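A short worksheet on the structure shown next.
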Amino acid sequence: MSHALNDKRVTQPAAFFVPHGAAFEATELTRGPWHPDFQHAGPPSALLARSLEQLAGDTFSLSRVTVEILKPIPIARLVTSASALRAGRKVQWLRAELKSVDGTTLAHASAVAIRKAEVPVPTPTAAARECPPGPEASKPFGFPFFSTDVGYHTGMELRIAQGEWGSGAIAMWMRMRQPLVLGEAPTPLQRVMTAADSGNGVSLCLDLRHYSFVNPDLTVYLHRAPVGEWVCLDARTIPQGGGRGITDTRLLDEQGEIGRSNQSLIIEARGA
């Protein structure tokens, strides 16, 4: 398997999802590394966030999104829905579901949306953490563990800013090469959600020949919306011998920090 799989010259669909009435047809760009018939969790997480954003409206912004993946998500036609658990003047608590066309719930998401307001605050006195080099100064990279010519790995452009892949700690820039939904420009939150689920993949620290480390959830906190197309994952994966672990990721854009994401990990020995 080669890093060349991430080459733009590979013929691929024009979006991760194509609208089909009220549903969305997943394309090959959503394909993940674990099985050729199932999606990487990034694109469907972004699709859930899209539904939540539309429900929240223009006067609220999502500050926290938690996605829980209940079943492997097939590369197939999917339906999303969203509802408000409680809608206050300052805070909204929202929920969204991702289902197959036969009504099977595949994943759901909860979110906190906070009203938008201009509130001047003092500059923090604590020294800010150093930001990694920008994407233009970073080395191109391609995920080497995908077994197909087209998938999530070809739908995303990657560049290593700091660290060495396989060491367990790395900063990597990611950019969507195609829109999430055909005919729509991705929102800043959709760009973050599409990338953030890759935290455990970019900060890999276990030998893929001997272990798998699937995440059943993803939580993203944002204190501001990212600017531009690039999202940086400054990620660290921490495995434990009890069959679980966590990936802790600092999220950035080219102007600095934007938030944080975390993933729980199910760690298994290959063949177990």
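Indicate, rounded to the nearest 5 percent, the antiparallel portion of the DSSP beta bridges found entirely in the chain. Can you show the working numbers first?
Working: 82 of 83 bridges.
Roughly 100 percent of the beta bridges in the chain run antiparallel, per DSSP.
When the Karplus curve 6.51 cos²θ - 1.76 cosθ + 1.60 is applied with θ = phi - 60°, which whole-Hz ³J(HN,Hα) does each residue of the stretch 112-119 get, with x for Gly and Pro?
10, 10, 10, 4, 7, 7, 8, 10
Hey, what do the phi angles of the stretch 49-56 turn into as Karplus ³J(HN,Hα) couplings, whole Hz, using 6.51/-1.76/1.60 and θ = phi - 60°, x for Gly and Pro?
So the J values, rounded to whole Hz, are 4, 4, 5, 5, 4, 5, 5, 5.
Short version: ³J(HN,Hα) in whole Hz for each residue of the stretch 253-266, in order, from phi by Karplus 6.51 cos²θ - 1.76 cosθ + 1.60 (θ = phi - 60°), x for Gly and Pro, what are they?
10, 6, 9, x, 6, 10, x, 8, 9, 9, 9, 7, 10, 9
Match the structure shown to one of the listed values (1) 141; (2) 115; (3) 240 of volume of the Cα convex hull per residue in Å³, computed from it, and give that label.
Correct label is (1).
Counting only C-alpha contacts under 8 Å and six or more residues apart, can you give the relative contact order of the stretch 32-88 as a whole percent? Mind dumping the intermediate values first?
Numbers: 31 pairs, mean separation 25.2, N = 57.
Answer for the stretch 32-88 is 44 percent.
Based on alpha-carbon centroids, what's the gap between the stretch 181-206 and the stretch 151-165 in Å, whole number please?
Taking the Cα centre of each part, the stretch 181-206 and the stretch 151-165 sit 11 Å apart.
Residue farthest toward the positive end of the dipole of the stretch 160-257, with Cβ of Lys/Arg at +1 and Asp/Glu at -1: which of 190, 243, 168?
Value computed over the given set: 243.
Gaussian network model of the chain, Cα springs within a sub-10 Å range: biggest mean-square fluctuation belongs to which of 118, 68, 157?
Checking each option, the largest mean-square fluctuation is seen for 118.
Scan around residue 217 for amide H atoms under 5 Å from its own, H built in the peptide plane at 1.01 Å from N, and keep only partners 5 or more places away or cross-chain.
HN-HN under 5 Å from residue 217: 69, 264.
Based solely on its DSSP helices, what 222 nm [θ] is calculated for the chain when runs of n ≥ 4 H residues each add -39,500 (n - 2.57) and the sum is averaged over all residues, nearest 500 deg cm²/dmol? Working shown, then result.
Numbers: 4 runs with 32 residues, N = 272.
That calculation yields -3000 deg cm²/dmol at 222 nm.
Residues with amide H under 5 Å of residue 177's amide H, sequence separation 5 or more or different chain, H placed in the peptide plane at 1.01 Å from N; which?
Amide H to amide H, under 5 Å and 5 or more residues apart or across chains, residue 177 pairs with 156, 157.
If you average the C-alpha positions of the stretch 57-93 and of the stretch 216-267 separately, how far apart do those two centres end up, in angstrom?
Here the answer is 18 Å between Cα centres.
So what is the accessible area of the chain per residue, in Å², with the probe set to 1.4 Å?
Numbers: 12970 Å² over 272 residues.
Ligands and nucleic acids excluded, the result is 48 Å² per residue.
Set the Förster radius R0 to 41 Å, insert the Cβ-Cβ distance between residue 68 and residue 123 as r into 1/(1 + (r/R0)^6), and round the FRET efficiency to 0.05.
0.65
Select from 135, 144, 43 the residue whose mean-square fluctuation is largest in a Gaussian network model of the chain (Cα-Cα springs shorter than 10 Å).
Comparing 135, 144, 43 in a Gaussian network model of the chain, the most mobile one is 144.
Treating only the Cβ atoms of Lys and Arg (+1) and Asp and Glu (-1) as charged, compute the dipole magnitude of the chain about its Cα centre; round to the nearest 20 debye. Each step should come with its number before you reach the end.
Working: 27 positive and 26 negative charges, 110 e Å.
The dipole of the chain has a size of about 520 debye.
Rank 178, 54, 190 by mean-square fluctuation in a GNM of the chain with C-alpha springs under 10 angstrom and give only the top-ranked residue.
54
Quick query: amide H of residue 106 versus all other amide H atoms, modeled in the peptide plane; which residues come in under 5 Å with a sequence gap of 5 or more or a different chain?
Long-range HN contacts for residue 106: 98, 99, 100.
The values are calculated or read from the model by the stated rules, or taken from the named source; none is laboratory data. These numbers were taken from a predicted model, which means no experiment stands behind them. When we count neighbours, we look across all protein chains shown, and the Cβ atoms used for this are built from the backbone with ideal geometry, even at glycine. To get the accessible areas, we keep the full protein, side chains included, count just its heavy atoms, and leave off ligands, DNA and RNA. Shrake-Rupley method; radii C 1.70, N 1.55, O 1.52, S 1.80 Å.
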